[in-house]
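J.: This is the structure I want to talk about, given as structure tokens.
The values are calculated or read from the model by the stated rules, or taken from the named source; none is laboratory data. All of these numbers come straight from a predicted model, not from anything done at the bench. Neighbour counts are summed over all protein chains in view; Cβ atoms, including those assigned to glycine, are modelled from backbone coordinates with ideal geometry. The area values use the complete protein model at the heavy-atom level, side chains included, leaving out ligands, DNA and RNA. Shrake-Rupley method; radii C 1.70, N 1.55, O 1.52, S 1.80 Å.
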Number of protein chains: 2
Amino acid sequence: MDELIIKGQKAKQASFIVSQLSSNDKNKGLKAVAKALLDNEKDIIEANKMDVLRAEENGIKGSLVDRLTLNTDRIKSMAEGIIKIIQLDDPIGEVKWMKKRPNGLEIGKKVVPLGVIGIIYEARPNVTVDAFALCFKTGNAVILRGGKEAIHSNLKIVEIIKKALLSVSMPSDAVSLIEDTSREVATKMMKLNEYLDVLIPRGGSGLIQAVVNNSTVPVIETGVGNCHIYVDKEANLVMAKDILINAKTQRPGVCNACESLVIHADVAEEFLPMACEGLLKYNVDIVGDKIAKSIVPKIKPASEDDYGKEYLDYKISVKVVSDIDEAINHINKYNTKHSESIITENYSNARLFLDKIDAAAVYVNASTRFTDGFEFGFGAEIGISTQKLHARGPMGLNELTTTKYVIYGNGQIRD
Amino acid sequence: MDELIIKGQKAKQASFIVSQLSSNDKNKGLKAVAKALLDNEKDIIEANKMDVLRAEENGIKGSLVDRLTLNTDRIKSMAEGIIKIIQLDDPIGEVKWMKKRPNGLEIGKKVVPLGVIGIIYEARPNVTVDAFALCFKTGNAVILRGGKEAIHSNLKIVEIIKKALLSVSMPSDAVSLIEDTSREVATKMMKLNEYLDVLIPRGGSGLIQAVVNNSTVPVIETGVGNCHIYVDKEANLVMAKDILINAKTQRPGVCNACESLVIHADVAEEFLPMACEGLLKYNVDIVGDKIAKSIVPKIKPASEDDYGKEYLDYKISVKVVSDIDEAINHINKYNTKHSESIITENYSNARLFLDKIDAAAVYVNASTRFTDGFEFGFGAEIGISTQKLHARGPMGLNELTTTKYVIYGNGQIRD
């Protein structure tokens, strides 16, 4: 039998056990794992070195090698991440509501684990620990399929997690790693409906699209963010500038960074020069439409393509609009339903933007960079959903659960 | 351009308008539609006759022709269904929670429409009205793709709905019907990610499996129910008999009907003869394992296959188990995660069953037939979800919504 089926069966069996564990027991398991990661730091770093060496030999670029690399500090922070998850409330078992029907049936909606969660991700070995801890805390089993670049690190980490779970009598099959990192196996995993209840891709847009297009298992789409900042006619322009610079430059490689500035024509002449001055200090490449270019000649011409792009880099597009309706239509046309912000002092325009923009997070007078499980106060994050089913926006522990109706009767039958 | 793209674009545009309508306006639209259905009763029945005639010519079986047929009473009850939906609370716009973060940002989780909902269904023209009304009430646009058997009825009904919407200045593209009923177009619709936010199949297991396997649009899987009743050692056997007979025979063709009896060995000798006597009065075909057969010789042998089957008919399988754990394992192995019931007076066994059975609805001492949006008090139902993402169990208006984070700031940027 192949690896996927064997691990799928084992995960399914383990999920029944993990779903019944008390919060105390799950926290005991997590604590043992955190300790084991620190205790086995050397082994992890040694395994990681094999991955890093191979990546360097293969000429993989520096930022990717950096993401792949583990050291004492990073292992410490993985363990600390688990401790933080231990401290969070366990969502499992809460009855969200219960009511008595006219026939005497008492019907309650209870929070329960999803079952078995599949995670397909790329070269970041910290995702291995993170995803396990979030799934285990919520009573789920997890099947991990990381990138081939991190296979040695992942194998070692999962081995350590399994041993730690066993040491405190928890089911080690609550976590498993698919060792075959071929694309064929990933594609097969996307059709493993018999054992997987949900599949979450974490990584670049290529990976996410492949999962969305090929998976028959229900998917939670995460990540891609073509985020806009719209500076309205009645904006506080100093605030607008600070927010724009922050959203574009504070960490340009992440999904909630700003990729496009939309500006009302009436304030473009005043705002664009000060905004561009600020952006150019960070060497941001600015492309824009004709009006923008006529105001700031350093702006390069934008192609239609630019407005749909998630640069993830020091680059931004600029679009001048004649009113808020044009701004809203432009954003709804090009955005990826992630995070959008309006800068305005106008009450009605703020409401219009909040109501009409179709996105997971819509801001007034704040940076788009806040779309994040920690910043939203969830204490942890498994990703940011850009779809509308099940979860939208940052996903914490609650989003790794489902519900079950529990019904107490005393002999009711239907007429 | 093809029909799907044109209708997809129009529905997307309409969804932005419908999402912004007040509850009063949406109710005004629904009222106009209810009235128009009654006013145009003759036209509907005339169109329906074409479908019925063709069905009879094609030798389609009686129960299907019955489902297809519309008459004065059925049209009245479609209109009454809309009036009931008007009376329900509009879930859109509720802020489920809002909190202030340490940096002063106020973050709220607001209920908003899904956008454009696709419904693929079979030969029941009442679904056309029902699905439209539920989607419109929740601020969604809907694209309907009904079966070819009902195409004349559906065309007429959708024409009437569109005219009624226009008569009260509502966007008629809030509803559209795909006129090409070929399988190719249905398959294309399953990949219409650009315009569809969710796809809900309503019909038999063949249709549902086709949608699950082919759709790249997020799907809510509905319907198939292999439901069990487990009669525990400490059950009130008279209650158990009444519930079993009700769950099997009150309406055997629906998904929440009981398909399998699981019985504790210690009470099998007492219970099976009385249960079978009751079932045989309804001419229920009973298949079971060797022990069951040794107690009631009229029971025919069950194949492995029988335990996994949704008969939707006057047929039931019987399995004798030696304890509750075997019952739970048997049910979790063969069920379709729909509805399961234990009959017991034992406190610990009731809890064990509620906790360990993996299904949308788990009952103690009641018939599985109650899994239904109306019986659960939702006032309406678009289907019963058997998946775990987004919605589980009966889906009412709330399940046709998603959420959006609305964030109020005063210049916050991220450190």
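J.: Report the charge-dipole magnitude of the protein assembly as shown in Debye, nearest 20, computed about the Cα centre from +1 at each Lys and Arg Cβ and -1 at each Asp and Glu Cβ. Write down the numbers at each step before the final one.
T.: Values: 106 positive and 110 negative charges, 98 e Å.
Dipole of the protein assembly as shown, to the nearest 20 debye: 480 debye.
J.: Could I ask something else about it? With everything on Cα atoms, drop me the angle between helix B:126-137 and the longest principal axis of chain B, reported from 0 to 90° to the nearest 10.
T.: On a 0 to 90 degree scale, this one is about 60.
J.: Express the relative contact order of the stretch A:227-370 as a whole percentage, based on alpha carbon pairs under 8 Å and six or more residues apart in sequence. Can you show the working numbers first?
T.: On the way: 279 pairs, mean separation 48.9, N = 144.
Relative contact order comes out at 34 percent.
J.: Still on this structure, I have one more. Where a Cα-Cα gap under 20 Å defines reach, which aspartates and glutamates qualify for residue B:76, not counting those fewer than 8 residues away within the same chain?
T.: Output for residue B:76: B:39, B:41, B:43, B:46, B:51, B:66, B:130, B:159, B:381.
J.: Rank B:226, B:246, B:283 by mean-square fluctuation in a GNM of chain B with C-alpha springs under 10 angstrom and give only the top-ranked residue.
T.: Top of the fluctuation ranking is B:283.
J.: Name the most mobile residue of A:281, A:233, A:35, meaning the one with the largest mean-square fluctuation, in a Gaussian network model of chain A with Cα contacts below 10 Å.
T.: With Cα springs under 10 Å in chain A, the top fluctuation among A:281, A:233, A:35 is at A:281.
J.: Suppose you put the label 7 Å out from Cα in the Cβ direction; list, shortest first and in nm with one decimal, how far residue A:56 is from each other copy's label.
T.: 8.4
J.: Now, a different point. Under a crude label model (7 Å from the Cα following the beta-carbon direction), how far is residue B:300 from residue A:67 in nanometres?
T.: Each label point lies 7 Å from its Cα, and together they span 6.0 nm.
J.: How large is ³J(HN,Hα) for each residue in the stretch A:78-88, as worked out from phi by the Karplus curve 6.51 cos²θ - 1.76 cosθ + 1.60 (θ = phi - 60°), to whole Hz, x for Gly and Pro?
T.: Karplus-based 3J(HN,Hα) across the stretch A:78-88 equals 5, 5, 5, x, 5, 4, 5, 5, 4, 6, 6 Hz.
J.: Which far-off residues, 5 or more places away or on another chain, put their amide H under 5 Å from the one on residue A:199, with H placed in the peptide plane?
T.: Result for residue A:199 returns A:118, A:219, A:220.
J.: Starting from the 7 Å offset along Cα-to-Cβ, what nm value, one decimal, do you get for the label separation of residue A:22 and residue B:213?
T.: That separation, rounded to one decimal, is 4.6 nm.
J.: Right, here's the next one. I need the Debye-formula profile for the protein assembly as shown: one equal scatterer per C-alpha, no solvent, reported as log10 I(q)/I(0) at q = 0.05, 0.07, 0.09 1/Å, two decimals.
T.: With no solvent term, the Cα-only Debye profile gives -0.30, -0.58, -0.96.
J.: Next question. Output the 0 to 90 degree angle, nearest 10, between the alpha-carbon long axis of helix A:41-57 and the longest principal axis computed from the alpha carbons of chain A.
T.: The two axes meet at around 50 degrees.
J.: Sticking with this one: ³J(HN,Hα) across the stretch B:209-219 via Karplus (A = 6.51, B = -1.76, C = 1.60, θ = phi - 60°), whole Hz, x for Gly/Pro?
T.: Taking θ as phi minus 60°, the curve returns 4, 4, 5, 4, 6, 10, 7, 9, 6, x, 10 Hz for the stretch B:209-219.
J.: Between copies, how close do the residue A:280 label points come, placed 7 Å along Cα→Cβ, listed in nm from shortest?
T.: Label-point separations across copies, in nm and ascending: 9.5.
J.: Using θ = phi - 60° and the Karplus relation 6.51 cos²θ - 1.76 cosθ + 1.60, list the HN-Hα couplings for the stretch B:106-121 in order, rounded to whole Hz, with x at every Gly or Pro.
T.: Once rounded to whole Hz, the list reads 9, 10, x, 10, 10, 7, 9, x, 6, x, 10, 10, x, 10, 10, 9.
J.: Also: Per residue, how much accessible surface does chain B expose to a 1.4 Å probe? Answer in Å², no decimals. Mind dumping the intermediate values first?
T.: Working: 16690 Å² over 415 residues.
Solvent-accessible surface per residue comes out at 40 Å².
J.: Right, something else. Could you please state, rounded to a whole Å, how far the C-alpha centre of the stretch B:358-415 is from the C-alpha centre of the stretch A:140-195?
T.: Answer, in whole Å: 31.
J.: If I model a spin label at residue B:265 and residue B:180 as a point 7 Å from the Cα along the Cα→Cβ vector, what separation in nanometres do I get?
T.: In this crude spin-label approximation the distance works out to 6.1 nm.
J.: Let me ask something else about it. For residue A:402, which sequence-distant residues (separation of 5 or more, or a different chain) have an amide H within less than 5 Å of its own amide H, given hydrogens modelled in the peptide plane?
T.: HN-HN under 5 Å from residue A:402: A:112, A:114.
J.: Still on this model: Subtract the Cα-Cα distance of residue A:347 and residue A:325 from 0.36 nm times their separation in residues, and report this length gain in nm to one decimal. The partial results should precede the final answer.
T.: Working: separation 22, 0.36 × 22 = 7.92 nm, distance 1.50 nm.
The span from residue A:347 to residue A:325 would gain 6.4 nm if fully extended.
J.: For residue B:184, place a label point 7 Å out from Cα along the Cα→Cβ vector, do the same in each other copy, and report the separations in nm, one decimal, smallest first.
T.: Here residue B:184 shows inter-copy label distances of 3.2 nm.
J.: Run through the DSSP bridge list for the protein assembly as shown and note the antiparallel percent, rounded to the nearest 5. Walk me through the numbers on the way to the answer.
T.: On the way: 34 of 120 bridges.
If we restrict to bridges inside the protein assembly as shown, about 30 percent are antiparallel.
J.: Between their Cα atoms, which of A:404/B:233; A:356/B:163; B:10/B:163 are more than 23 Å away from each other?
T.: Result: A:404/B:233; A:356/B:163 exceed 23 Å.
J.: As a quick test, which of the pairs A:12/A:109; A:84/A:281; B:7/B:337 have an alpha carbon distance above 27 angstrom in this structure?
T.: On the way: A:12/A:109 23 Å; A:84/A:281 37 Å; B:7/B:337 35 Å.
The pairs that break the limit, which is 27 Å between Cα atoms, are A:84/A:281; B:7/B:337.
J.: For A:359-371, what's the mean count of beta carbons from other chains sitting within 10 Å of each residue's beta carbon?
T.: On the way: counts 2, 4, 5, 5, 8, 6, 7, 13, 6, 2, 4, 10, 3.
Other-chain Cβ atoms within 10 Å of each residue's Cβ, averaged: 6.
J.: Let me make sure I get this right: for chain B, a, b and c are the square roots of the gyration tensor eigenvalues over alpha carbons, sorted descending. Under 1.5 in a/c it's rounded, otherwise prolate if a/b > b/c, else oblate. Which is it? All intermediate terms of the calculation are to be shown ahead of the outcome.
T.: On the way: a/c = 2.27, a/b = 1.43, b/c = 1.59.
It comes out oblate by the Cα gyration axes.
J.: Can you compute the charge dipole magnitude of the stretch A:350-415 about its Cα centre, using +1 on each Lys and Arg Cβ and -1 on each Asp and Glu Cβ, nothing else charged? Give it in debye, rounded to the nearest 20.
T.: Values: 7 positive and 7 negative charges, 35 e Å.
Roughly 160 debye, rounded to the nearest 20.
J.: Projected onto the charge dipole of the stretch B:227-370 (+1 at Lys/Arg Cβ, -1 at Asp/Glu Cβ, origin at the Cα centre), which of B:297, B:322, B:267 gives the Cα projection farthest towards the positive end?
T.: Farthest towards the positive pole: B:297.
J.: Let me ask something else. Of all the residues in chain A, which one has the C-beta that comes nearest the axis relating A to B, and what is the distance in Å?
T.: A:390, 2
J.: Let me confirm one metric for peptide A:397-410, namely the mean number of other chain beta-carbon atoms within 10 Å of its residues' beta-carbons. List each step's numbers first, then the result.
T.: Details: counts 0, 0, 1, 0, 1, 8, 5, 12, 12, 9, 14, 6, 10, 5.
Across the residues of A:397-410, the mean count of other-chain Cβ atoms within 10 Å is 6.
J.: With a cut-off of at most 15 other beta carbons within 10 Å, and DSSP calling the residue loop, which GluC sites (Glu not before Pro) in the stretch B:299-394 qualify? Please list them. Please list the in-between numbers first.
T.: On the way: sites: B:304, B:310, B:326, B:340, B:345, B:375, B:381; in loops: B:310, B:345, B:375, B:381.
For GluC sites (Glu not before Pro) across the stretch B:299-394 that sit outside H, G, I, E and B with at most 15 neighbouring Cβ atoms in 10 Å, the list reads B:345.
J.: Would you kindly give the portion of the calculated P(r) for the stretch A:227-370 that falls above 18 Å, as a percent of all Cα pairs? If you can, show how the numbers build up before the last one.
T.: Numbers: 4905 of 10296 pairs.
It works out to 48 percent of all Cα pairs.
J.: Another question about this same structure. Give, as ranges by residue number, the residues of the stretch A:92-131 whose backbone N falls under 19 Å from the point 7 Å along Cα→Cβ of residue A:254.
T.: A:122-131
J.: Summarise the partner chain shielding of B:373-380 as one whole number: the mean count of Cβ atoms from other chains within 10 Å of each residue's Cβ.
T.: Numbers: counts 0, 0, 8, 7, 6, 0, 0, 0.
Partner-chain Cβ atoms within 10 Å, mean over residues of B:373-380: 3.
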